[in-house]
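Visitor: The structure's right below; bear with me while I get my questions together.
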Amino acid sequence: QVQLVESGGGLVQAGESLRLSCAASGSIFSVGAMGWYRQAPGKQRNLVARITRGGSTDYADSVKCRFTISRDNAKNTVYLQMNSLKPEDTAVYYCNLDARRIYWGQGTQVTVSS
């Protein structure tokens, strides 16, 4: 069984920063890409950022130059550094792992006040 445990969400003011972490544990074989998605109320879950095992990254246009994704392969952990947060970044953020099948974390709330 694979578990993804997220941490780091919270309530901040616009312009501030947060760092999300997601640690994968359990019977993991062939760990591939890891990423972050977000879902605002009444909206679809969308990709925020994704990183391959080799370190190649992909970002949603709305977060480029503000968010940075990174990973520690030895710890099966992915991070999302979020700077210059905006109210429109408010959402539940979900960690995603591609390891022969797709795994999801439970989600962590990020709320940005104006």
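Visitor: Among the numbered conditions (1) open to solvent by less than 70 Å² (accessible area, probe 1.4 Å); (2) of a type in the set (Gly, Ala, Ser); (3) out of contact with any Cys (no Cβ under 7 Å at 6 or more places or on another chain); (4) at pLDDT 95 or above, tell me where Gly105 comes up short.
Guide: Here Gly105 clears every test but (3).
Visitor: Right, another one. Only residues that are exposed (fewer than 14 other Cβ atoms within 10 Å of the Cβ) and outside any strand (DSSP E or B): list them for the stretch 46-76, please.
Guide: Correct list: Arg53, Gly54, Gly55, Ser56, Asp61, Ser62, Lys64, Cys65, Asn73, Ala74, Lys75.
Visitor: Within the stretch 8-36, track down each residue that is within 23 Å of Ser84 (Cα to Cα), of a type in the set (Ser, Thr, Tyr) and more than 10 Å from the chain's Cα centre (by Cα).
Guide: Ser17
Visitor: When the stretch 37-66 is examined, which residues are found to be under 21 Å from Val12 (Cα atoms) and under 10 Å from the mean Cα position of the chain (by Cα)?
Guide: The answer is Tyr37, Arg38, Val48, Ala49.
The values are calculated or read from the model by the stated rules, or taken from the named source; none is laboratory data. Being a predicted model, the structure only gives us computed values, none of them experimental. Note that each Cβ is placed from the backbone with ideal geometry, even for glycine, and that neighbours are counted across all protein chains shown. Please note that ligands, DNA and RNA were not included when accessible areas were found on the heavy atoms of the full protein model with its side chains. Shrake-Rupley method; radii C 1.70, N 1.55, O 1.52, S 1.80 Å.
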